[in-house]
Amino acid sequence: MSSRTCSKNSDDDLAILVDLGMWLRLLEISSELVVGNTALENKSLCIGSKTLLDEMIARYERLTEAARTDETIAQVGSILQMLQRHWAAAEGAPSDEVVTMTHEKLRYLMGKLTMK
């Protein structure tokens, strides 16, 4: 593989990771607002939609194998897949437990990604 191909793959991975990082941060913020608001009826606001999770997983899967083997990046994929399963099972009506778990997982992941 040429250095130009490696550079292109690295650039593509970086673009995907920046995009995922932005969405994860937005979801962390929105889940913070939802988890603390007992009066809010539409708790699905903390992830936007299951479709958004599906799209984030599709982006994650476009990362190169080398990127996905990184321990921290692999956690991104694992947590996205776990959230996808729980939110699919919730069928648009997440319980307080799913919302709380979502917030905790996103907060943990963002802490790992930003080294807080």
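Structure notes:
- Residues of region 36-71 that are under 17 Å from the mean Cα position of the chain (by Cα), in a helix (DSSP H, G or I) and of a type in the set (A, V, I, L, M, F, W, C): 45, 46, 52, 53, 56, 57, 58, 67.
- Residue 32 more than 14 Å from residue 113 (Cα to Cα), acidic (Asp, Glu) and either in contact with a strand residue (DSSP E or B) (Cβ under 7 Å, 6 or more places away or on another chain) or in contact (Cβ under 8 Å) with a residue 12 or more places away in the chain (or both): yes
- Sub-7 Å Cβ pairs linking a first residue in region 66-88 that is touching a residue at least 40 places away in the same chain (Cβ under 8 Å) and over 17 Å from residue 112 (Cα atoms) to a second residue that is open to solvent by 70 Å² or more (accessible area, probe 1.4 Å) and part of a helix (DSSP H, G or I), at least 6 apart or interchain, are 87/50, ordered by first then second residue.
- Of everything listed in (1) over 18 Å from residue 101 (Cβ atoms); (2) in contact with a Pro (Cβ under 6 Å, 6 or more places away or on another chain), the single unmet condition for residue 19 is (2).
- Pairs with Cβ under 8 Å, 6+ apart, first in region 91-116 and closer than 20 Å to residue 71 by Cβ and at pLDDT below 85, second open to solvent by less than 80 Å² (accessible area, probe 1.4 Å) and assigned to a helix (DSSP H, G or I): 116/110
- When every residue of region 24-31 is checked against the conditions, none turns out to be loosely packed, with under 14 Cβ neighbours inside 10 Å and either among the polar types (S, T, N, Q) or in contact with a Ser or Thr (Cβ under 6 Å, 6 or more places away or on another chain) (or both).
The values are calculated or read from the model by the stated rules, or taken from the named source; none is laboratory data. Small disclaimer: the values here were computed from a predicted structure and weren't measured. Glycine gets a Cβ as well: all are built from the backbone with ideal geometry, and neighbour counts include every protein chain shown. For accessibility, only protein heavy atoms count, side chains too; no ligands or nucleic acids. Shrake-Rupley method; radii C 1.70, N 1.55, O 1.52, S 1.80 Å.
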